[in-house]
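The values are calculated or read from the model by the stated rules, or taken from the named source; none is laboratory data. Keep in mind that what you see is a predicted model, and the values were worked out from it rather than measured. Note that we place each Cβ from the backbone using ideal geometry, even for glycine, and neighbour counts take in every protein chain shown. Areas reflect the complete protein model, heavy atoms only, side chains present, ligands, DNA and RNA absent. Shrake-Rupley method; radii C 1.70, N 1.55, O 1.52, S 1.80 Å.
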Amino acid sequence: MAASMYCLRTVVHSCQRHIVKQPGFGIPSTCSKTNWGALRFYVIPAGVKRPAKKLKKEEKPKVMITKEELEEKRKDTSRIKPYGFTAWKPVDDVYVARYYPKQIIQPEMAVEMLKTFQRLDFTSPDQAVYLQLKLDMKLEKKRKVDPFVGYVLFPFPFVKKLNKVLVFTEKAEDIETAKNNGAAVVGGTELIPEILNDDVQADFYIATPDILSKLNLLKNKLRKKFPKTKRGSVGNDIANMIKLFENCYEYIVERECFIRIKIATLDMPLEHIVANMHTLIKDVSQHKPMDLGPLVETAILASATSESLYIDFQKFLPQEPAKSEEN
């Protein structure tokens, strides 16, 4: 009887322990930190050295090629194929452009291609034609050409509406001269509040030197359009300045070495588009001395809906005068 009571008390005690214990995700006792030694299946005997790890082969340092060295290697026409490319020219009409050097096209052929693209794509025939120039701004002794703003007069203008020019001056003679030459707005410091409130706006702002110091309040408002001597918008020859800015097209160096400007519309004759292209490249090239190399590095022609075409612009660059031979 005593033995049976002992067994019953043991069973009840075990059941009570399982009922009181809260459920949870416990870690098995075999996985506890104190029992990790039991999972070790072997031990390296004392005095035995561990096998040495295999050393990786020494990798040769990669030689970085500069942009100038890469261009020099690709100029070697004696090679079977250009350095880093598949071939000199693609064989098929459809090809992956990044595997071949950029094809340089003559300007006349490039314009004809743009006109063909327009007819095949059924796009607007009077869409804009853009010319993008990449400039070599380097000078001697680690100097560079400062980013500049220029104004060009195309021989064949494509915008019929003249630019609106505002003239700042206080002299009665200059006011009369400006009005007679077609200035849209003429006045002095009384125009400052109207410009700040956007009541008066213009495409270009020019001023005489005597009033320039009184226009400092407009610097933050006008920013790049503020009259400056370097841009040719400050001077006493008001008549010629008005004539220039009424018909000119402005271009500015962006991202340190790029110029992108509209030069024509696609419905213009081929000769007119090429002539405007020639005028722009010639005007831009004047901002760097010719003895230090050409300023224009690459030229890309494109329309508003077409792909970009690299053109051969060498014949548009200004040529140095031939030096007379000494007898």
TODO: At 1.4 Å probe size, with every protein chain present, just tell me what the per residue accessible area of the stretch 129-169 comes to in Å².
DONE: 61 Å²
Open item on the list: Can you find, among ALA97, ILE65, PRO107, the residue sitting farthest towards the positive end of the charge dipole of the stretch 63-123, where Lys and Arg contribute +1 and Asp and Glu -1 at Cβ?
Closed with: ILE65
TODO: Just check the stretch 216-327 against the gyration tensor rule for me: Cα atoms, a ≥ b ≥ c as the square roots of the eigenvalues, rounded for a/c under 1.5, and otherwise prolate or oblate depending on whether a/b exceeds b/c.
DONE: oblate
TODO: Quote the accessible area belonging to GLU69 in square angstrom, nearest 10, computed with a 1.4 Å probe and with ligands, DNA and RNA left uncounted.
DONE: 90 Å²
Task: Gain upon complete extension [THR116, VAL91; 0.36 nm per residue less C-alpha separation] - done: 6.9 nm
Open item on the list: Run through the stretch 97-172 and list the GluC sites (Glu not before Pro) located in a DSSP loop whose Cβ has at most 12 other Cβ atoms within 10 Å.
Closed with: GLU140
Task: Portion, in percent, of the accessible area of the stretch 192-327 that falls on carbon or sulfur, probe 1.4 Å - done: 48 percent
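Given +1 on the Cβ of Lys and Arg, -1 on the Cβ of Asp and Glu, and no further charges, what dipole in debye does the stretch 170-307 carry about its Cα centre, rounded to the nearest 20?
In total the dipole reaches around 440 debye.
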Open item on the list: Accessible area per residue for the stretch 180-228 in Å², computed with a 1.4 Å probe and the full protein assembly in place, what is it?
Closed with: 56 Å²
Task: Restricting the stretch 234-327 to trypsin sites (Lys or Arg not before Pro) in coil, as DSSP defines it, with at most 13 other Cβ within 10 Å - done: ARG255, LYS323
Open item on the list: Under a crude label model (7 Å from the Cα following the beta-carbon direction), how far is GLU173 from GLU140 in nanometres?
Closed with: 4.3 nm
TODO: Please figure out what share of the DSSP beta bridges in the stretch 138-214 is antiparallel and state it in percent, rounded to the nearest 5.
DONE: 10 percent
TODO: Would you mind classifying the stretch 138-189 by shape? Square roots of the alpha carbon gyration tensor eigenvalues, ordered a ≥ b ≥ c; an a/c under 1.5 is rounded, otherwise it is prolate if a/b is larger than b/c and oblate if not.
DONE: oblate
TODO: For LEU292 and SER78, calculate 0.36 nm times their separation in residues minus their Cα-Cα distance, and state this gained length in nm to one decimal.
DONE: 74.2 nm
Open item on the list: Give me the 1.4 Å probe accessible area per residue for the stretch 268-315, excluding ligands and nucleic acids, in Å².
Closed with: 45 Å²
- [ ] Compute the Cα gyration tensor for the stretch 92-189, then decide on rounded, prolate or oblate, letting a ≥ b ≥ c be the square roots of its eigenvalues: rounded whenever a/c is under 1.5, prolate when a/b is larger than b/c in the other cases, and oblate in all that remain.
- [x] oblate
TODO: Determine the alpha carbon to alpha carbon distance for each of LYS138/LYS230; LYS160/LYS225; LYS67/LYS102; LYS75/LYS102; LYS214/LYS243; LYS115/LYS160 and list only those over 18 Å.
DONE: LYS138/LYS230; LYS160/LYS225; LYS214/LYS243; LYS115/LYS160
TODO: Determine the percent antiparallel among the DSSP beta bridges restricted to the stretch 116-256, to the nearest 5.
DONE: 40 percent
- [ ] Apply the Karplus parameterisation 6.51 cos²θ - 1.76 cosθ + 1.60, with θ equal to phi minus 60°, to every residue of the stretch 137-151 and state each ³J(HN,Hα) to the nearest whole Hz, in sequence, with x for glycine and proline.
- [x] 8, 6, 10, 6, 6, 6, 9, 9, 6, 5, x, 10, 10, x, 10
